[in-house]
Amino acid sequence: MEQAQTAGTRMRAALRGQGRYVLLAGIIAGEFLLFGVAAPYFLTVENLFNILRQVSEIGMISIPLTFLLLSGHMDLSVGSIVGVCGVSTGMILRAGGSIPLALLAGIAAGTAVGFLNGLIVGKLKIQAVVVTIGTQVLFRGLCYILTSGRAVSGYPAAFFTLGTGDVLGVPISVIVLLVMYAAAWLVLEKSWFGRYVLAIGNNQNTARYSGIRVDRMKIALFTLCGALTAVASAFLISRLSSAEATLGSGYELDIITAALIGGIDINGGSGKLQGTFLGILIIGILRNGLNMMGLSVIYQSIILGALLLAAVADLGGKRAKP
């Protein structure tokens, strides 16, 4: 009898969890209905592919940021890291460097700044929010120094295939995003690394007493975030054909909002990658649809802020973890 009750409790919990994803899918369907009526060109094939390309870049960054959120940490510097990596890649391409060299340089830059974030958080025991607010400003300032406030452009034609090319009609960036999400899901759900992430998010002290090297995990997570953000920046500058000092501004807000909408607990330890993926789609479709309706960026920010508050309120009953 007791086993049957336990099984019933687990089934009800699973159904409640799936209910969120059904709701999110319903919101996406509602967005398509609303914008399909309000914006005549919203449902064109060209625009739908445009949406996919736009969400693929923030989707790539959302993967490591979701891991960080699940561990109870946050990186508010990802937008600035996009700028640093994009500018670094663009400058090498403009100088005549090969595409592989430029891509490796951008990933190296992202890995380095991510490692710096992780080192400060892990070894100096400073809260991640405080650290990444500081590095957000620092990295953005570095972008302005590198570019002198001017756009970095003049890339070889072959580089544009990365952001605008497709395979059998599917954008390359979307294919890469789906592969990354599949790999990340396997890591989170089936590997020791994923179990460690959730353990740290649930209780850092308990994780430490269990033998998990919490500080090393923090460094690894922030380093991974920097590296994958660099990959996303390469697709972004390829699609935009240039890199500016403001590249990636505001990405952190979109991604964190999407993750919270998707059910990721801001305190860590609870949530699924598929929730973040659906949240990314909701934000991407919303921005695209509002742009096509001619709504000012100011009002878009208000709507996005309201969504963030709603998502936080939904998860607000959960207590912070040590």
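Considering only Ala227, Ala109, Ala184, the mean-square fluctuation computed in a Gaussian network model of the chain, springs between alpha carbons under 10 angstrom, is largest for Ala184.
Which aspartates and glutamates, on any chain, are close to Lys218 with Cα under 18 Å apart, when same-chain ones fewer than 8 places away are left out? Within the straight-line limit of under 18 Å, Lys218 reaches these aspartates and glutamates: Asp75, Asp265. Proximity of backbone amide H atoms, modeled 1.01 Å from N, is registered between Asp166 and Ile172 at under 5 Å, excluding neighbours fewer than 5 places apart on the same chain.
Annotation for Arg94 and Val167: the two label points, set 7 Å from Cα along the Cα-Cβ direction, are 3.1 nm apart.
For Val152, the amide hydrogen comes within under 5 Å of the amide hydrogens of Ala243, Glu244, counting only partners 5 or more places away or on other chains and with H modelled in the peptide plane. Remark: accessible surface ordering of Ile298, Ile264, Ile27 (largest first) is Ile298, Ile27, Ile264, probe radius 1.4 Å. For Val167, the accessible area of its heavy atoms, probed at 1.4 Å with every protein chain present, is near 80 square angstrom. A 1.4 Å probe over all protein chains sorts Ser77, Ser301 by accessible area into Ser301, Ser77, starting with the largest. Quote the relative contact order of the chain in percent (integer), defining contacts as alpha-carbon pairs under 8 Å separated by 6+ residues. This gives 32 percent for the chain.
Based on Cα atoms of the chain, Rg over Rh with Rh as the Kirkwood radius reads 0.98.
Here, the range 94-181 has an Rg and a Dmax of 17.0, 49 Å when only alpha carbons are counted.
Note on Leu146: accessible area approximately 70 square angstrom, rounded to 10, probe 1.4 Å, nucleic acids and ligands left out. Summing +1 for each Lys or Arg and -1 for each Asp or Glu among the other residues whose beta-carbon sits under 14 angstrom from that of Ser242 gives +2. The smallest convex shape that holds all Cα atoms of the range 215-256, its convex hull, gives 79 Å³ per residue. In whole percents, the pair-distance distribution calculated for the range 199-322 from its alpha-carbon pairs, binned every 10 Å from zero, is 11, 32, 35, 17, 5, 0. Ligands, DNA and RNA excluded, the heavy atoms of Phe49 present near 70 Å² of accessible surface to a 1.4 Å solvent probe. In terms of the mean number of neighbouring beta-carbon atoms within 10 Å, the peptides 241-249, 208-216 order highest first as 241-249, 208-216.
The values are calculated or read from the model by the stated rules, or taken from the named source; none is laboratory data. Here the structure is a predicted model, which is why all the values come from computation and not from measurement. Counting neighbours? That spans all protein chains shown, and the Cβs are built from the backbone with ideal geometry, glycine included. For the accessible areas, the whole protein counts, side chains as well, though only heavy atoms, and no ligand, DNA or RNA atoms are used. Shrake-Rupley method; radii C 1.70, N 1.55, O 1.52, S 1.80 Å.
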